[in-house]
Amino acid sequence: MQFIKDRFNYLFNSTKGLILVAIAMIAVVAAVWGTLSGPMAEMGVSKVVIKLLGMDIVQAEREGRIVILYHSIAMAVIAIETYMITGLFKMKAMYKTFINGLITFGYILAMIFGLLFAYFGHSWIFHGLYIFGLSLIFMAGILLVIAIWPWNKEYYQPDKDYARSKSGVDIERVAVWATAVTTLISSLFGAIPGSYFGNGFTVFLAENTIRYPGKSVLQYSVIGHLHIMLALIAIMLTLIIGRWLNFKGILHKIAMPLMILGTIVLNLGVWGVVTPLQPTAHTIIYVGATPAMFAALLLLIWSWNKLIKDGTAHLKKPNFFQKLAALVRDPLKFGPTWQMLFMNFTTSFLGIFMAIRLDEIFRVWPAREERIELTGHWHALSAIIATIILLYYGDMIGLKGKVRQLYGWSILIFSDIALASVTVFEMKRLFITEAEQQPLVNFLMYAMDIGLGALLVILGALMVWRLTDLFKKNGRWTEEANHDISQEVNE
Amino acid sequence: MKRIIPTLFLLTFLLVSCAPVDLNAPLPTVVTDVDPDSWAQIPAGEFYFGQFDEVVTTDAYEIMITNVTTAQYAAFLNNALADGYVKVEDNKVVGYYPGDEFHGYKHEERIDAGDWMFLPLDDPSQRIKFDGTTFTAQAGYENHPMTSVTWFGGWGYCEYYDYRMPTEMEWEKAARGDDNRPFPWGDEIGHGNANYYASRDPFEDMSSYGSRTSPVGFYNGKTYDGFETIDSPSPYGLYDMAGNVWQWTGDVYEKMHYRFMRGGSKDTYEMDLRVWVRNNATPTYFSPGVGFRCVSDN
């Protein structure tokens, strides 16, 4: 009994244990549900999985199923970010316990019963539990906003190396708070139309509404919701990575106000899509995205500079190659910001290019081609977020030496191969015709599959290792059980 | 040496990937015995429209059992050229279209009255050949659906014979009948039902040219050189209402210049073959995966 109690305490009562559980849940969902589409479906694997698991696949409900599937995964990602925030930022222990408890119970309920409802018949009890799970996550969000209230004097920033107001308010904490508040508000933009379209199975995927003039307010609300939630998850992760790396100094002082400004303006733009301001909403979104992305760039500059300085401290006058070697010597520290930079090539620049040349290029193509671009764009951003989390997690669990190098570089190289291939795949119509594309498509699909497959293998290996570790009396989990991530912030 | 082998492997793979595709690779000759000149009568009345089964009503109409074939289109072009209905300019067949009302809506483009391209003649995947006087269907493709034809090209064909292209509602009713099935033949889809991406039909080779069209009415229950098809007509007896080629529909909507296509194609996954799935493009768009069929009010 004590055996189970100890493990349960670690898994559900420590930051690292909670993160491990959420990653494992996502890994299982990705492994099973990943077989239902793409190459696995082409090979017939999906049919075997559907039969084996007894899934009830109704053709007309595909869109609803997908909405629940990605919400299930997204809720676990939100939970991971929340654990990281409650682990990294000072707050009362009572709040931390309540927030982590609520969000854990919430995402597990939402994931299990959401997927049961979507893929295994329509028990309304399951649907109720799915909605209840989502509500608990929202409640945890409200508590988080209260817990990290930046104007509480206990949380003032005494160190002048960090962004702070004249009175000492921690500006980084304000940025986290603003992101959390806007996340809560933005979730309503999905919840309200969700309750309308979900009632009676009239759910749609936003990418299927492109090009239709005269969208309804609720349709705009869904489109705004999905864009902003992914953006907010990315912004919060940037703040988390900044805290883990101990971002400070002049660039921190510039970046944090920019992040707050960017987050608020970005949200105002997205919320504006359901108001008469809709025609100018995109402009407001661009205005908001610019300072937020610039703040992330400042983090990148600071962290790369620090990696180089730390890595060449023993040299009097390091040359370019020595600096480069110092920069890339630790893939887990270099990787997160590299992925942020890479994201610009695979998503941000692409999105801007699409927006600028929409009518001249993309809207000359059939809607289906544009849809491929949009879905590829969101998948790439989500995958980048996932890899950044995995890189941080690798450091969190104390990977060292060759294993650290292998784990970090494998994630970086394989994910970037897959993401680069996705990007070329999305844009292929710029340089190849439909009739002539197949060999290129085959090559890109192999590259994507090898990249993503390798990532899943790495994730699988990691999970197997963590599972076997749990059976050891003095496994790594015993260290992690009482060791919070705030103690590991870089010095 | 250990480093050279994977590099060589990768380079070989890249070179193979970039190899040109033979767009005229031999294809199996198949006679389906489905007559592309036959029509089906669709009665007036209600049916379930769209993914969410909205009950709507249509008048009675007739619709072609199959997509317009390459041979039918070549015959039309010869007659239309002789009549001055179409002309050949800059390697394109063009014809007059009376234009659409323009509302100046965001992203909307003008479709003015004038000559518009029906089909390009210099596109490598064009299956209609022109020798300066006569149009012919490329050998082997005579009974395949006419493709690489713009919306104007579909509209022009139907107008010439005093037909028209189906509205989206008419198209869907003809595909679905009076129940709420997702596919023209029923609830499930398999390789024997339709030509879709990686459906392993005898016309595709995913290692080189990928998917190609199949002859109209191919999925009629016959076995062709070992490939077993399932008879997959719609409730009204129409073939290829899912897969093979997207089909232009005739609706011209306010505030947009896009034209809508239905049915999915040889290049799409099964999900796009569901009867309610819509695709759209500018009316000048053409592709080896897009064709059309006509309806008649007579």
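Observations on the model:
- So A:Ser37, is it among the polar types (S, T, N, Q), within 14 Å of chain B (Cβ to nearest Cβ) and surrounded by fewer than 18 Cβ atoms within 10 Å (Cβ to Cβ): yes
- Options B:Pro182, B:Pro202; residue that is farther than 30 Å from B:Tyr97 by Cβ, touching a Pro at 6+ places or on another chain (Cβ under 6 Å) and either crowded, with 17+ Cβ neighbours inside 10 Å or more than 14 Å from chain A (Cβ to nearest Cβ) (or both): B:Pro202
- Test for A:Leu350: is it surrounded by fewer than 21 Cβ atoms within 10 Å (Cβ to Cβ), within 21 Å of A:Phe294 (Cα to Cα) and either within 14 Å of chain B (Cβ to nearest Cβ) or hydrophobic (A, V, I, L, M, F, W, C) (or both): yes
- Looking at B:Val30, B:Val34, just one residue is more than 14 Å from chain A (Cβ to nearest Cβ), over 17 Å from B:Val295 (Cβ atoms) and modelled with pLDDT of 95 or more, and that residue is B:Val34.
- Verdict on B:Gly263 being more than 9 Å from chain A (Cβ to nearest Cβ), over 19 Å from A:Glu434 (Cβ atoms) and either buried (at least 24 other Cβ atoms within 10 Å of the Cβ) or in contact (Cβ under 8 Å) with a residue 60 or more places away in the chain (or both): no
- Number of positions in the range A:419-450 that are assigned to a helix (DSSP H, G or I), of a type in the set (A, V, I, L, M) and within 14 Å of chain B (Cβ to nearest Cβ): 9
- Scan of the range B:227-255 for residues that are in a loop (DSSP other than H, G, I, E, B), out of contact with any Ser or Thr (no Cβ under 7 Å at 6 or more places or on another chain) and within 14 Å of chain A (Cβ to nearest Cβ), ordered by number: B:Ala242, B:Val252, B:Tyr253, B:Glu254, B:Lys255
- Of the residues in the range A:221-241, not one is at pLDDT 90 or above, surrounded by fewer than 23 Cβ atoms within 10 Å (Cβ to Cβ) and within 14 Å of chain B (Cβ to nearest Cβ).
- Set B:Arg274, B:Arg278: member being out of contact with any Phe, Trp or Tyr (no Cβ under 6 Å at 6 or more places or on another chain) and either more than 10 Å from every other protein chain (Cβ to nearest Cβ) or among the basic types (Lys, Arg) (or both): B:Arg274
Table: residues versus (1) under 21 Å from the mean Cα position of the chain (by Cα); (2) away from chain A (no Cβ under 14 Å).
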residue	(1), (2)
B:Arg110	no, no
B:Arg127	yes, no
B:Gly132	no, yes
B:Ala137	yes, yes
B:Pro145	yes, yes
B:Glu159	yes, yes
B:Asp178	no, yes
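- The set of residues in the range B:209-226 that are within 14 Å of another protein chain (Cβ to nearest Cβ) and part of a loop (DSSP other than H, G, I, E, B) comprises B:Tyr209, B:Ser211, B:Arg212, B:Thr213.
- Any chance A:Ala386 is of a type in the set (A, V, I, L, M, F, W, C), under 25 Å from the mean Cα position of the chain (by Cα) and either at negative phi or more than 14 Å from chain B (Cβ to nearest Cβ) (or both): yes
- Where A:Ala418 falls short, out of the listed (1) closer than 18 Å to A:Trp338 by Cα; (2) surrounded by fewer than 21 Cβ atoms within 10 Å (Cβ to Cβ): (2)
- Residue match in the range B:151-162 (condition: buried (at least 16 other Cβ atoms within 10 Å of the Cβ), touching a Ser or Thr at 6+ places or on another chain (Cβ under 6 Å) and not charged (D, E, K, R)): no
- Which listed residue is within 12 Å of A:Trp149 (Cα to Cα), more than 14 Å from chain B (Cβ to nearest Cβ), in a helix (DSSP H, G or I) and free of Cβ contacts under 8 Å to residues at least 40 places away in the same chain, from A:Val181, A:Val174: A:Val181
- Residue in the range B:59-73 that is in contact with a Gly (Cβ under 8 Å, 6 or more places away or on another chain) and part of a strand (DSSP E or B) present: no
- Residue within the range A:451-458 that is over 19 Å from A:Leu381 (Cα atoms), part of a helix (DSSP H, G or I) and modelled with pLDDT of 90 or more present: yes
- Among residues of the range A:195-208 being assigned to a helix (DSSP H, G or I) and out of contact with any helix residue (DSSP H, G or I) (no Cβ under 6 Å at 6 or more places or on another chain), the one that is nearest to the other protein chains (Cβ to nearest Cβ) is A:Asn208.
- Residue within the range B:73-95 that is in contact (Cβ under 8 Å) with a residue 24 or more places away in the chain, within 14 Å of chain A (Cβ to nearest Cβ) and among the charged types (D, E, K, R) present: no
- Conditions (1) in a loop (DSSP other than H, G, I, E, B); (2) at pLDDT 95 or above; (3) closer than 22 Å to B:Pro43 by Cβ: number failed by B:Asn180: (2)
- Out of B:Ala44, B:Ala60, B:Ala71, sole residue that is out of contact with any Cys (no Cβ under 7 Å at 6 or more places or on another chain) and more than 18 Å from B:Val295 (Cα to Cα): B:Ala71
- In summary, helices (runs of 4 or more DSSP H) completely within the range A:1-106 and bearing 3 or more residues that are among the β-branched types (Val, Ile, Thr) occur at A:15-33, A:45-53, A:62-88.
- Looking across the range A:129-165, just one residue is surrounded by 17 or more Cβ atoms within 10 Å (Cβ to Cβ), assigned to a loop (DSSP other than H, G, I, E, B) and without any contact (Cβ under 8 Å) to a residue 24 or more places away in the chain, and that is A:Gln157.
- Residue check, A:Lys317 farther than 30 Å from A:Leu268 by Cβ, of a type in the set (D, E, K, R) and surrounded by 21 or more Cβ atoms within 10 Å (Cβ to Cβ): no
The values are calculated or read from the model by the stated rules, or taken from the named source; none is laboratory data. Source: prediction; values computed, not measured. All Cβ positions, even for glycine, are placed from backbone atoms using ideal geometry, and neighbour counts span all protein chains on display.
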